[in-house]
Amino acid sequence: MRYLSVAEIAKKWDVSERSVRNYCAHGRVNGAFLTGKTWNIPENAEKPERSNKKKEQPITLLDILQEQKASKYSGGIYHKTQIDLTYNSNHIEGSRLTHDQTRYIFETNTIGVEKEVLNVDDVIETANHFRCIDMIIDNAKSVLTERFIKELHLILKNGTSDSRKDWFAVGDYKKMPNEVGGMDTALPEEVADKMKALLTEYNGKEEKTFEDILDFHVKFERIHPFQDGNVPLRYQQQIAA
């Protein structure tokens, strides 16, 4: 077998002589050996991969959402998530906007109607909902906190008629009792403690399973911490999960 010098290998691999010596010293060049202070390197030795080269990580749904959000990609999963999630969650809350109207607001930031009366709150909450989803995508890897949930509620209800009511606590927990589907929910004075307990339990799980998300969903609904706007927030929290 023919052996080459450090200088010859450096030229062949297009790297510095120092790099070649480091590769050899760390045992990363098969068959290389020292004669005195001189490295002898097999001429067919393969160039080692850089040790700091990042290994490719699996692409997750969150990666795709963040990439498409940043590039303003139209027609992808981010585009579909914004429209479908906003339409369905707002529809449960009583919004009368159609799926096409929701899509039009997202795509053009305008609303065009003929011979139809629209509820201004429906339009405002739809636009606000898009912002909430963006905020969740941006912070999806952060720990879920009361402060974050309240901030989502503040964004969602900002500018609506509810935000002008003295008794309606926008961005804060409810001040008056409410119910969902005929079921009593936590009393206003119970909400803070119940939310702290729920988040402590949820954040204590290292790996969140689908069952954990469902459990959080049910307990959140039973607390129903806000006067209104709980359904959109519930769905948004599932994105973060």
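Derivation of every value follows stated rules applied to the coordinates shown; laboratory data play no part. Predicted model, so just to flag it, every value in this text is computed and none were measured. In this analysis, Cβ positions are derived from the backbone assuming ideal geometry, glycine residues included, and neighbour counts consider all displayed protein chains.
Before moving on, here are some points about what is shown:
- Candidate lysines for bridging to Lys194, where Cα separation is under 19 Å - those fewer than 8 sequence places away on the same chain excluded: Lys150, Lys174, Lys175, Lys205, Lys219
- Scattering curve values for the chain, log₁₀ I(q)/I(0), Debye with Cα scatterers, q = 0.08, 0.14 Å⁻¹: -0.49, -0.92
- Straight-line cross-link partners of Lys69 among the lysines, defined as a Cα under 20 Å from its Cα and at least 8 positions apart when in the same chain: Lys80, Lys141.
- Computed from Cα atoms, the angle from the helix 146-157 axis to the main principal axis of the chain rounds to 60 degrees.
- 0 to 90° range, to nearest 10: angle between helix 77-92 axis and the chain longest Cα axis: 20 degrees
- Near the amide H of Phe226, within less than 5 Å, lie the amide hydrogens of Lys174, all on another chain or at least 5 residues away, with H placed in the peptide plane.
- Under the combined filter of DSSP loop state and at most 13 neighbouring Cβ atoms within 10 Å, segment 1-43 retains these GluC sites (Glu not before Pro): Glu43.
- Kirkwood Rh in Å, taken over all unlike Cα pairs in segment 117-215: 15.5 Å
- Between amide H atoms placed 1.01 Å from N, distances below 5 Å from Trp39 occur with Val6, all of them 5 or more places distant or on a separate chain.
- Calculated Rg and Dmax of segment 3-42 using C-alpha coordinates, Å: 8.8, 25
- Long-range tail of P(r) for segment 54-175 (Cα pairs > 22 Å, %): 42 percent
- Angle between the chain longest axis and helix 230-240 axis [Cα atoms, degrees, rounded to 10]: 10 degrees
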